[in-house]
Amino acid sequence: MSKSKSSASKPSSSQSALGRRGFLKGTAAGAAALVAGEAAIAPVVKAQTPARAVTPLPGATQIAAETNAPPMRVDVYTTDRPGSDFMLDVIKTLDFEYCCANPGSSFRGLHESMVNYGKNKMPELITCCHEESSVAMAHGYAKIEGKPLMVMAHGTVGLQHASMAIYNAYADRVPVYVVLGNIGAAEWRRTDVEWAHSVQDAAAMVRDYVKWDDNPVTLQHFAESSVRAYKMSMTPPYEPVVIIADAVLQEEPMSDFDRRTARIPKLNLSQPPASDGNSVNEIARMLVNAENPLIIAGRVARTPEGIRLLVELAETVQAGVSDRHYRMNFPTMHPLNVGGPIGGGTVTTVANADVILSLEVGDLWMATHSQTPINRMGMESKPLTKAGAKIITIYSGDLFGKSNYQDFGRYNEVDLSIAADAEATLPSLIEACKKLITPQRQRAMQERGAKLAESAKRLRDRDIEAAAYGWDASPISTARVSMELWNQIKTEDWSLVSETFPFFSAWPLRLWDMNKSYHYIGGHGAYGVGYQAPAAVGAALANRKHGRLTVNIQTDGDLNYAPGVLWTAAHHKIPILNIMHNKRAYHQELMYLTDMAARANRGIDTALIGTGINDPNIDYATLAKAYGVYSIGPIINPIDLAPAIKKAIAAVKKGEPALVDVVTQPR
Amino acid sequence: MKHLLAFVLLPSCIAFSQNATTSDATGSVDKGKKIFMDVGCYECHGTVGQGGAAGARIGPPPLNAQGFIRYIRKPAGAMPAFTDKVLTDRDLTDVYAYLKSIPAPKPVKDIPILNELKGK
């Protein structure tokens with residue numbers, strides 16, 4: 001124990017609890033001394049006692065303790081139980097497979113506990129080159145594994161780096177568990193670096209986009225808050241959480257008091273909230289009696305079971321499903337799949353629907369309204385729904401809100417709004433629908449289902465025909481890249497971990513047969529660029545133990561934020577096939593510049609200024625090679641693509657990351 | 001790129017004032033391709049007009065030359081409107097010629113990896 005330090009105090013309330021106990025011990029000693037013969041004072045004290053309790057005057061021992069010189073400092077060099085070991089015990093109960101971190105001094109204690117005391121298992125440290133990568137890896141991992149991965153970072157500069165990725169996870173309703181190091185007590189900061197890396201209220205910076213945070217000041221407090229944070233993160237809507245691991249608590253020995261009393265509470269996750277029975281019956285009545293019901297799927301399937309349930313509901317009432325593609329919600333080739341945002345699937349089906357059931361859709365207003373497009377001045381919006389159409393929402397987002405960041409979208413008028421988790425509500429809704437279906441309704445539903453199946457087939461044939469356009473073009477068409485990839489992965493247990501709408505014209509969603517939870521994981525959440533490359537590696541990390549072939553279609557602009565994640569994949573032997581969508585521009589912005597120039601009626605040929613990623617062109621194969629990743633490219637001629645993909649898949653099957661740089665059409 | 005606008009605009013402005021309806025004249029495929037790339041039609045429509053998430057398929061063009069020019073002046077949906085101040089009828093005639101020159105796509109049946117999706 002190093003409590004003997006004369007000028008240093010441990011900034012924890014366990015210390016102050018000890019202090020209080022020390023004081024009580026002192027008063028007891030004083031009273032004992034009183035009895036032992038401090039006769040001159042004793043009668044006075046005794047005379048006063050019958051009326052009320054009185055603080056006794058200090059006895060000789062205490063006076064000595066307060067006036068004599070303090071005991072000599074004894075240098076204590078080691079401890080068998082740093083506080084961080086206990087913190088790790090807490091963390092281990094939360095069952096994290098991995099902890100992503102870029103190393104930082106404010107959590108060096110916890111880092112050391114992890115690798116030595118914890119033997120670098122559960123969690124295993126994953127070395128990241130940027131805190132944004134750490135969080136985005138956790139984001140991608142959670143979307144495959146359905147649970148959070150731990151991230152460690154400095155409470156100051158590390159969190160500043162991490163914050164955009166936290167915002168993405170927040171907007172995407174993904175659990176991420178962030179532990180921040182910080183030296184709370186000023187006198188413990190040993191260098192100017194430690195002053196610059198310390199903060200009063202670390203989580204303040206991200207409080208607008210995390211569900212909960214705490215700054216525990218004792219180890220017991222750390223234990224309870226850590227377990228609480230996990231529970232809150234995993235209660236729908238899932239969200240990121242932040243816990244501060246005070247550096248002094250980490251590095252100083254666990255006190256005798258804490259050794260005796262500190263307890264790690266048991267984690268029990270909350271049941272997600274499901275809708276009440278009356279509302280479920282009302283929704284069922286509306287769905288069963290609808291002529292043209294439409295289900296819009298947002299972030300419905302939290303688990304693989306969510307996909308099965310959504311299919312069952314759609315088939316039970318023969319309703320079309322329009323998937324917003326934030327998750328894998330509904331099989332792409334299902335005959336009731338009426339198409340997502342691409343191909344006008346949502347627009348036409350919304351216009352025809354008489355009942356719309358919106359499941360976990362954050363941007364429902366966008367799906368049900370048109371707005372003046374960017375090519376015209378002014379702003380006017382109109383509903384896409386037909387007169388009298390009824391809208392029902394089941395949305396866990398209604399249970400949780402923050403004001404500052406505006407990812408919640410415009411207020412949508414609806415007819416029945418249920419604040420509940422959609423996946424948890426689906427079983428009772430399916431049962432309620434089944435009970436209400438009469439033979440007559442059944443016939444009507446079957447006819448409708450047959451029509452929907454026909455139109456899904458027409459849509460699909462149209463997509464196949466459209467994919468042939470530009471087939472032999474160079475730069476290579478995104479449809480061709482999608483099909484060359486599909487041709488080689490379709491017999492594998494594959495997992496596509498990148499967003500393809502709008503970047504890749506949604507070709508994989510339009511052409512590939514996706515039906516498993518890990519076949520598609522949606523995108524950023526908040527379109528914070530820099531998400532894709534690390535999220536893909538995080539997803540691949542989750543897929544590794546399942547032996548899945550992870551495929552990432554990687555945009556060029558995104559990779560350039562923090563390409564170091566390629567090294568992380570190589571270092572930790574995370575198998576992943578990266579196919580570059582190398583369009584040599586920040587293409588969305590390039591299009592917007594053209595829009596702006598056309599609106600201003602001038603200079604339509606200058607849009608590449610400030611948006612191009614050319615001159616010089618970036619050689620991504622060489623970049624990947626520098627990070628230790630097997631790479632091929634640039635592939636310019638479509639003929640060379642299939643052999644390159646084949647070689648890269650062979651490398652990935654050996655357990656390493658690979659990258660094929662493909663110079664592609666922009667969209 | 002910067003110089004291109006001056007090069008294309010100045011002479012064709014004169015051409016425009018002399019002959020406002022050159023749209024039926026045959027345009028130059030090469031010039032049209034260059035304009036198509038330089039003014040950013042390719043950004044949304046793809047370099048061979050194949051279309052995608054950001055723009056309709058326009059290669060080969062679905063409209064006649066006059067309809068094409070009319071559309072570009074007053075487009076539907078989110079397509080930017082290009083006035084004759086930034087793109088003359090002559091320029092658009094060239095662009096049209098380029099789009100016309102794009103061959104019809106290979107039939108799906110001749111692309112085995114695509115063809116096998118049919119009926120699935």
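Would you please name the residue that is farthest from A:D595 (Cα to Cα), looking only at residues in the range B:43-75 that are within 7 Å of chain A (Cβ to nearest Cβ) and polar (S, T, N, Q)? Top of the filtered list is B:Q50. Considering the range A:451-470, and only residues there that are of a type outside the set (A, V, I, L, M, F, W, C) and away from chain B (no Cβ under 12 Å), the residue that is nearest to A:P508 (Cα to Cα) turns out to be A:R458.
Before we move on, is B:P105 modelled with pLDDT under 95 and surrounded by 14 or more Cβ atoms within 10 Å (Cβ to Cβ)? So B:P105 does not fit the description; no.
Tell me, which residue of the range B:82-95 that is within 12 Å of chain A (Cβ to nearest Cβ) and out of contact with any helix residue (DSSP H, G or I) (no Cβ under 6 Å at 6 or more places or on another chain) is surrounded by the most Cβ atoms within 10 Å (Cβ to Cβ)?
Just the residues of the range B:82-95 that are within 12 Å of chain A (Cβ to nearest Cβ), to begin with: B:82-87, B:91.
Pick out the ones that are also out of contact with any helix residue (DSSP H, G or I) (no Cβ under 6 Å at 6 or more places or on another chain) and you get B:83-87.
Working: B:T83: 14, B:D84: 17, B:K85: 12, B:V86: 21, B:L87: 25.
Applying the filter and picking the extreme gives B:L87.
Flag: A:K490 does not match the condition of being of a type in the set (K, R) and in the same structural domain as A:L310 (by TED's automatic domain parsing).
Residues in the range A:403-445 that are among the basic types (K, R) and loosely packed, with under 15 Cβ neighbours inside 10 Å: A:R410, A:K434, A:K435, A:R443. Helices (runs of 4 or more DSSP H) fully within the range A:95-186 that include at least 3 residues being at pLDDT 95 or above and buried (at least 24 other Cβ atoms within 10 Å of the Cβ): A:131-145, A:157-171.
When A:G530 is tested against (1) in a helix (DSSP H, G or I); (2) more than 14 Å from every other protein chain (Cβ to nearest Cβ), exactly one condition is not met: (1).
When the residues of the range A:600-613 are narrowed to those that are open to solvent by 70 Å² or more (accessible area, probe 1.4 Å) and more than 7 Å from every other protein chain (Cβ to nearest Cβ), which ends up nearest to the chain's Cα centre (by Cα)? Within the range A:600-613, the match that is nearest to the chain's Cα centre (by Cα) is A:G610. Criterion first (of a type outside the set (A, V, I, L, M, F, W, C), open to solvent by 50 Å² or more (accessible area, probe 1.4 Å), within 14 Å of chain B (Cβ to nearest Cβ) and free of Cβ contacts under 8 Å to residues at least 60 places away in the same chain) does A:Q371 satisfy it? Yes, satisfied. Residues in the range B:26-42 include at least one that is open to solvent by less than 60 Å² (accessible area, probe 1.4 Å), assigned to a loop (DSSP other than H, G, I, E, B), at pLDDT 95 or above and at the interface with chain A (Cβ under 7 Å from one of its Cβ atoms).
Residues in the range A:457-491 that are farther than 23 Å from B:G49 by Cα, outside any loop (DSSP other than H, G, I, E, B), open to solvent by 20 Å² or more (accessible area, probe 1.4 Å) and not basic (K, R): A:W486, A:N487, A:Q488. Mind listing just one residue for me: the one in the range A:331-367 that is modelled with pLDDT under 95 and among the hydroxyl-bearing types (S, T, Y) and, of those, surrounded by the most Cβ atoms within 10 Å (Cβ to Cβ)? Among residues in the range A:331-367 that are modelled with pLDDT under 95 and among the hydroxyl-bearing types (S, T, Y), the one surrounded by the most Cβ atoms within 10 Å (Cβ to Cβ) is A:T349. So which of A:S495, A:S474, A:S455, A:S505 ends up being hydroxyl-bearing (S, T, Y) and at positive phi? Residue meeting the stated conditions: A:S505.
If the condition is being surrounded by fewer than 24 Cβ atoms within 10 Å (Cβ to Cβ) and more than 10 Å from the chain's Cα centre (by Cα), then the range B:45-56 contributes B:G51, B:A53, B:A54, B:G55, B:A56. Filtered by the rule that a residue be assigned to a helix (DSSP H, G or I) and exposed (fewer than 13 other Cβ atoms within 10 Å of the Cβ), the range A:187-203 gives A:E187, A:D192, A:V193, A:W195, A:A196.
With respect to the conditions (1) surrounded by fewer than 21 Cβ atoms within 10 Å (Cβ to Cβ); (2) more than 14 Å from chain B (Cβ to nearest Cβ); (3) more than 28 Å from A:L590 (Cβ to Cβ), A:W494 falls short on a single one, namely (1). All of A:T218, A:T235 fail the test of being without any contact (Cβ under 8 Å) to a residue 40 or more places away in the chain, of a type in the set (V, I, T) and open to solvent by less than 50 Å² (accessible area, probe 1.4 Å), apart from A:T235. Does the range A:295-311 contain at least one residue that is basic (K, R), surrounded by fewer than 23 Cβ atoms within 10 Å (Cβ to Cβ) and over 25 Å from the mean Cα position of the chain (by Cα)? So far as the range A:295-311 goes, no, none of its residues is basic (K, R), surrounded by fewer than 23 Cβ atoms within 10 Å (Cβ to Cβ) and over 25 Å from the mean Cα position of the chain (by Cα). The criterion of at least 3 residues that are under 30 Å from A:N404 (Cα atoms) and modelled with pLDDT of 95 or more is met by the following helices (runs of 4 or more DSSP H) wholly inside the range A:211-296: A:219-233. Pairs linking a residue in the range A:299-319 that is assigned to a loop (DSSP other than H, G, I, E, B) to a residue that is open to solvent by 10 Å² or more (accessible area, probe 1.4 Å) and small (G, A, S), with Cβ atoms under 8 Å and 6 or more positions apart or on different chains, are A:R299/A:G362; A:A301/A:S517; A:R302/A:G146; A:T303/A:G146; A:T303/A:S517. Among the numbered conditions (1) within 14 Å of chain B (Cβ to nearest Cβ); (2) without any contact (Cβ under 8 Å) to a residue 60 or more places away in the chain; (3) of a type in the set (V, I, T); (4) open to solvent by 20 Å² or more (accessible area, probe 1.4 Å), the only one that A:T594 does not meet is (4).
The values are calculated or read from the model by the stated rules, or taken from the named source; none is laboratory data. As the structure is a prediction and not an experimental result, all values here were calculated from the model. Cβ coordinates were reconstructed from backbone atoms using ideal geometry, including for glycine residues, and neighbour counts include every protein chain displayed. Quick note on the areas: whole protein, heavy atoms, side chains included, nothing else; ligands and nucleic acids left out. Shrake-Rupley method; radii C 1.70, N 1.55, O 1.52, S 1.80 Å.
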